[in-house]
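A short reminder: the numbers here are calculations on the coordinates, not readings from a lab. Given the structure is predicted, the values throughout are model-derived calculations rather than measurements. Here the Cβ positions follow ideal geometry from the backbone for every residue, glycine too, while neighbour counts run over all protein chains shown.
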Amino acid sequence: MRMRTLRRVAFAAVAIVASVSAPVPGRAADIVIGVANWPSAIATAHLLKALVETKLGKTATLEEASLPELFAAADAGTVDILPEVWLPNYRAQVRSYVDKEHSVVLAPRGIPARQGLCTTKVAAEEYDLHSVEDLTKPETAGLLDTDQDGRGEIWIGADGWNSTNVERIRAKSYGYDKTMTLISADEPVAMAGLDVAVALGEPIVFYCYEPHHMFALHDLVMLEEPPHDPTKWVIRTPEDTPDWLEQSTAATAWPVSFIHTAYRSGFDDDAPEVVALLSNLDLEADAISDMTYALIVERRDPDAYAAEWIEANPDRVARWLAE
Amino acid sequence: MTARHLLVAFAAMLLTASFAASALAQQTSRIYDPSSNQWIVYDPAKVDRDATARGVTPERFKRKLVPFRTSEPPGTIIIDTDRKFLFYVLPNFQAIRYGVGVGKEGFGWSGEVYVGRKAEWPSWTPTPDMIERDPSLTEYVTGMPGGIENPLGARALYLYQSGRDSLYRIHGTNEPWSIGLNVSSGCIRMNNADVEDLFSRAPVGTKVIVLKQGAALFQPS
């Protein structure tokens, strides 16, 4: 879904990684946790680090990269934990590293997540903008037209995210690729655009996914669409074929999505108690959204915040640590 | 000064600006005057006189403290080049909103840059493109000193990316009536009082996010 470095998130990650206290000199950290480049992945990576350090007596370092790079690193044995693998978005990597190579293990528990197109509650009410079908109407094109070229503009994600290609397929399948210009751009730029639209009371439609702090920052609603239908959901990727867009169709909502933790094969022998923690981890989307809000919007120190969170949630943590 | 060479016709609500050669301007051009709520025939000389006499920025583009919920840290500048506003993020979900003018060819990109340099009463050197469009600029080929006639106005913030000058600037103007329009060459223009205010707040290094909803991400050349 988010394969390329998001500049701002990456900056945040750099700052966060830099703030991590170095492992004891002369001794490598026990565990390497991959930090993928989107807000919730940064939050969960820090929580896991704090858990293994304060509760399991180990040391951990954070390794920042895109998720496909982290999959390759886990395959090579240089990264132990992938805190957030989104499905169906990273199905291709799971197929290759988990199902085929058996070099990465996907923890069975999935945290439900969702993705689709959002607008602001104000715009939904004021302009009667409720469903994805509305996007094919000329009046909606006019409503979302920011540059007076007769077409509306919709941000569909960043270049390189798997989801961005799926959003192109969805736009083609629903037909709003004819009324809207589909913009791919770094997430921080798109989020600043959302901030401005809200401040000016202007309507906006954009790709959204949850857990994410944008839902706490702004009053957003997801556009309605027909429920997911696997028979109408045929996704080819640019790696499959150059004609991926023509050969794909997706005129329904995304399936319910899931976030799984994953780890390199053999890590369960090296650190069974950590793998037990990964398997037990049942964070709700709300809890993850709260964490991203604290780290990204409130710019809390991630280590201090994670320690505080663990202290404030003793029952949950105890459950996760049970064998 | 650009006003002399441009035909400006725009709808008050949409603030759509369109342009044509100045030869066509004489008969067809009209301009909406927000202070009198009237369309007036565009006469560059008269506009210059009126602008000088009034010296005002249209009402909706005046500097204002507004609520602004964002994850960007205080001190960030966010510019919406389509809707002609610049936000300077303050703590506690507030921002100062300023009206801006945008280069007549618009800002063809969006993305993240930063203030690499600042100058008071900056000098200005027209680019070869500008001189080609307007040969009278030849006399400034080696630079026009800062001052009241200088198109960069009272202050300039030079926008950089990856250590290099992007050639885009946030600058002042001595034609405050033009705020909200697509006139001038390339840059983000503010009235002098506003650019002085922004200049005093935003240090070198300030993060600047430029939004153009219809444009792909800026790729540095």
Note to self: Could you check the spin-label model distance between B:Thr125 and A:Ala322? Points 7 Å from the Cα along Cα→Cβ, value in nm.
What the structure shows: 7.3 nm
Item checked: Length added when fully stretched, A:Asp219-A:Thr54, from 0.36 nm per residue minus Cα-Cα -> 55.8 nm
Item checked: Partner lysines for B:Lys118 [C-alpha distance under 30 Å; skip if fewer than 8 residues away on the same chain] -> B:Lys62, B:Lys64, B:Lys84, B:Lys104, B:Lys207, B:Lys212
Item checked: Per-residue average of Cβ from other chains inside 10 Å of A:217-224 -> 1
Notebook entry, point to check: Can you give the mean number of other chain Cβ atoms that lie within 10 Å of the Cβ atoms in peptide B:72-78?
Noted result: 3
Next item on the list: Using just the helices of chain A, give the 222 nm mean residue ellipticity in deg cm²/dmol: DSSP H runs with n ≥ 4 each add -39,500 (n - 2.57), and the total is spread over all residues, rounded to 500.
Entry: -11000 deg cm²/dmol
Item checked: Cα-Cα P(r), the range A:71-112, percent of pairs per 10 Å interval -> 29, 61, 10
Next item on the list: Go through the range B:139-154 residue by residue and turn each phi into a ³J(HN,Hα) via Karplus (6.51, -1.76, 1.60, θ = phi - 60°); whole Hz please, and just put x for glycine and proline.
Entry: 5, 9, 4, 9, x, 10, x, x, x, 5, 8, 6, x, 7, x, 6
Next item on the list: Enter the Cα centre distance for the pair the range A:263-303 and the range A:84-103, rounded to the nearest angstrom.
Entry: 19 Å
Checklist line | Two-site label geometry, A:Asp128 and B:Asp165: point separation in nm, points 7 Å out along Cα→Cβ | finding: 5.4 nm
Next item on the list: Please identify every one of the GluC sites (Glu not before Pro) in the range A:189-258 that sits in a loop by DSSP and has no more than 15 other beta carbons within 10 Å of its own beta carbon.
Entry: A:Glu239
Check: Counting other C-beta atoms within 10 Å, which of A:Val132, A:Val297 has the fewest, and how do the rest follow?
Finding: A:Val297, A:Val132
Note to self: What is the distance in Å between the Cα centroid of the range B:57-80 and that of the range A:178-200?
What the structure shows: 16 Å
Item checked: Shielding of B:89-100 by partner chains, average beta-carbon count, 10 Å -> 1
Next item on the list: Please work out, to two decimal places, the log10 of the ratio I(q)/I(0) at q = 0.09, 0.16 Å⁻¹ from a Debye calculation in which every Cα of the range A:114-250 carries one identical scatterer.
Entry: -0.25, -0.82
Notebook entry, point to check: Taking amide H positions as placed 1.01 Å from N in the peptide plane, with prolines and chain starts having none, which residues 5 or more places from B:Arg63, or on another chain, fall under 5 Å of its amide H?
Noted result: B:Gly99
Next item on the list: Residues in the range A:162-183, backbone N under 15 Å from the label point at A:Arg95 (7 Å along the Cα-to-beta-carbon vector): list them, ranges by number please.
Entry: A:162-163, A:166
Next item on the list: Collect residues whose amide H, placed 1.01 Å from N in the peptide plane, falls under 5 Å from the amide H of A:Ser131; neighbours closer than 5 in sequence don't count.
Entry: A:Glu224
Check: Which order results if B:Tyr160, A:Tyr209 are arranged by neighbouring Cβ count within 10 Å, fewest first?
Finding: B:Tyr160, A:Tyr209
Item checked: Distance histogram in 5 Å bins (all Cα pairs of the range A:240-319, percent per bin) -> 3, 10, 14, 15, 16, 13, 10, 9, 7, 4, 1
Next item on the list: Using per-residue counts of other Cβ atoms within 10 Å, averaged over each peptide, order A:283-289, A:106-112, A:78-84 from highest down.
Entry: A:78-84, A:283-289, A:106-112
Item checked: Vicinal HN-Hα couplings computed from phi for the range A:251-258 (Karplus, 6.51 cos²θ - 1.76 cosθ + 1.60; Hz; Gly/Pro x) -> 9, 9, 5, 4, x, 4, 9, 9
Notebook entry, point to check: Ordered by packing density, taken as the mean number of other Cβ atoms within 10 Å over each peptide's residues, highest first, how do A:227-233, A:191-197 rank?
Noted result: A:191-197, A:227-233
Next item on the list: Quick one: give the max-minus-min coordinate of the C-alpha atoms of chain A along each principal axis, largest first, in Å.
Entry: 63, 42, 32
Check: Check A:Phe258: other-chain or 5+ apart residues with amide H under 5 Å from its amide H, H built from backbone geometry?
Finding: A:Leu87, A:Ala113
Note to self: Eigenvalues of the Cα gyration tensor times 5, then square-rooted: what semi-axes does that give for the range A:37-132, in whole angstrom, largest first?
What the structure shows: 33, 19, 11
Next item on the list: Based solely on C-alpha atoms, express the radius of gyration and the Dmax of the range A:83-152 in angstrom.
Entry: 19.5, 52
Notebook entry, point to check: Can you list the aspartates and glutamates whose alpha carbon is less than 16 Å from that of A:Lys55, not counting same-chain residues fewer than 8 positions off?
Noted result: A:Asp30, A:Glu273, A:Asp303, A:Glu308, A:Glu311, A:Asp315, A:Glu323
Margin query: Cut-off under 20 Å on the C-alpha distance; same-chain residues fewer than 8 positions from A:Lys121 excluded. Which lysines are left, in chain and number order?
Written below: A:Lys137
Check: What spacing in nm lies between the two simple spin-label points modelled at A:Asp269 and A:Lys232, each 7 Å away from Cα in the Cβ direction?
Finding: 4.9 nm
Checklist line | J(HN,Hα) series, the range B:164-174, from Karplus relation 6.51 cos²θ - 1.76 cosθ + 1.60, nearest Hz, glycine and proline x | finding: 10, 5, 7, 6, 9, 9, 9, 9, x, 8, 9
